[in-house]
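The block underneath contains the structure these notes are about, expressed in structure tokens.
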Amino acid sequence: MERWASNDLLVGPLISTDLSLHTERSNVLVTYQGSPGTVIEAMVLKAFRNCIAVPYKSSEGALEAVESSLADKAVLTIENSSIGSFHPTYDLLLSHNLQIVQEVQMDVELCLLALPGVQKDDLQTIFSHPQDLAQCEYSLSNLGVSKKNVDHGAAGAEIISKQNLRDDEVIGSARSAELYGLNILECNFQDASPNTSRYLVLAITANIPNEYEKYKTSIVFGLEEGPGTLHKALVAFWKRDLNLTKIESRPNRGKPMRTLGTEKQFNYIFYVDFEASLAEIPTQNALKELEEIASFLRVLGCYPSTTI
């Protein structure tokens, strides 16, 4: 048990599963932010056979466990088809020295949960994480309830169960209902179906891709101020027929502002995903060209993408 010693580690059952994408060995330790009963835990258990899912209070703690060799992999949510990008995840990718080794996409089903015997008409307050609430915004508008933010849906389910709150409900997973003795009032409560989330799996050691496998590559870079600099950066990929699948800009947290004459403007960095492997010559040439105009360039990972 020494491997899991951390103030950020959540006390709870360590769960293994036989469902799998693949894994290098049994009992791989996979960390995530949350607790048993969360949607991200369901993704971990479905994606990795015989893994030990290790919950942490924060994503920072989950990543630091891998950096300190207390765990093998960490999982972060990066995007949802209903509400878009999870911006804090991008900042975490840059602030930690880990490599993206896999992308996993999974359909997410959110449920409306309450204590046994409680009906929808009895409800006054709903607990959930802000991102889960956002995925159910239209459905919630028809209920006329007040909202209360919690760390995740499983935390709300635990509060309702332990405090016997009979006029409250929570948006969470079906597993939360099972763990905390709640009834499912409605399945697929989210506004849109399918409701797909994209997750990144991070590890210390990078993948070693070959030229003939299908991979995605993620990078982050900064640019000096000047007309057309972003255009020049993206042309490096266009010239080599490299398909960009995602572009995300974020303020540079280390140097958030830049001065142009007497004016101050935001200083941005750019995250880019594209469909190609680092083993391919066009990728190598595109990154070499980008490096010539970028203020910095970092490869975040080269990895396969899987849907489960």
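The values are calculated or read from the model by the stated rules, or taken from the named source; none is laboratory data. Only a predicted model underlies this, so the values are computations on that prediction, with no experimental measurement involved. Here the Cβ positions follow ideal geometry from the backbone for every residue, glycine too, while neighbour counts run over all protein chains shown. Surface areas here come from the heavy atoms of the whole protein model, side chains and all, with no ligands, DNA or RNA. Shrake-Rupley method; radii C 1.70, N 1.55, O 1.52, S 1.80 Å.
Which whole-number value in Å² is the accessible area per residue of the chain, probe 1.4 Å?
48 Å²
Using all C-alpha to C-alpha distances in the chain, build P(r) with 20 Å bins and read off the rounded percent in each one. All Cα pairs considered, the percentages come to 30, 52, 17, 0. Evaluated at q = 0.19, 0.21, 0.33 Å⁻¹, the base-10 log of the normalised Debye intensity for the stretch 48-95, with identical point scatterers placed on the Cα atoms, takes the values -0.70, -0.81, -1.23.
The distance between label points at residue 258 and residue 138 comes to 4.0 nm (points 7 Å beyond Cα on the Cα→Cβ vector). Averaging 1/r over every pair of different alpha carbons in the stretch 72-136 and inverting the result gives a Kirkwood radius of 14.9 Å.
Computed from Cα atoms, the angle from the helix 153-163 axis to the main principal axis of the chain rounds to 20 degrees. Can you spot the lysines whose alpha carbon is less than 20 Å from residue 232's alpha carbon? Ignore those fewer than 8 places along the same chain. Result set, ordered by chain and number: 246, 288.
Based on Cα contacts under 8 Å between residues 6+ apart, the chain shows a relative contact order of 20 percent. The simple spin-label model puts a point 7 Å past each Cα toward its Cβ; for residue 196 and residue 275 those points are separated by 1.2 nm.
About its Cα centre, the stretch 89-222 has a charge dipole of approximately 200 debye under the convention of +1 per Lys or Arg Cβ and -1 per Asp or Glu Cβ, with nothing else charged. In this simple spin-label model, placing a label point 7 Å from the Cα along the Cα-to-Cβ direction at both residue 212 and residue 293 gives a separation of 3.5 nm. Candidate cross-link partners of residue 255 among the aspartates and glutamates, defined by an alpha-carbon separation under 18 Å and a same-chain spacing of 8 or more, comprise 91, 224, 225, 263.
Our estimate of slack between residue 46 and residue 109, defined as 0.36 nm per intervening residue step minus the Cα-Cα distance, is 21.3 nm.
One quarter of the convex hull surface, Cα atoms only: what value does that give for the stretch 226-306 in nm²? For the stretch 226-306, the mean projected area of the Cα convex hull comes to 6.2 nm². With a 1.4 Å probe and every protein chain left in place, tell me how much accessible area residue 299 has, in Å² to the nearest 10. Approximately 40 Å² of residue 299 is accessible to the 1.4 Å probe.
Rg over Rh for the stretch 148-248 works out to 1.19, both radii taken from alpha-carbon positions and Rh defined as the Kirkwood radius. Averaging the sequence gap over all C-alpha pairs within less than 8 Å and six or more residues apart, then dividing by the number of residues, gives the stretch 231-288 a relative contact order of 39 percent.
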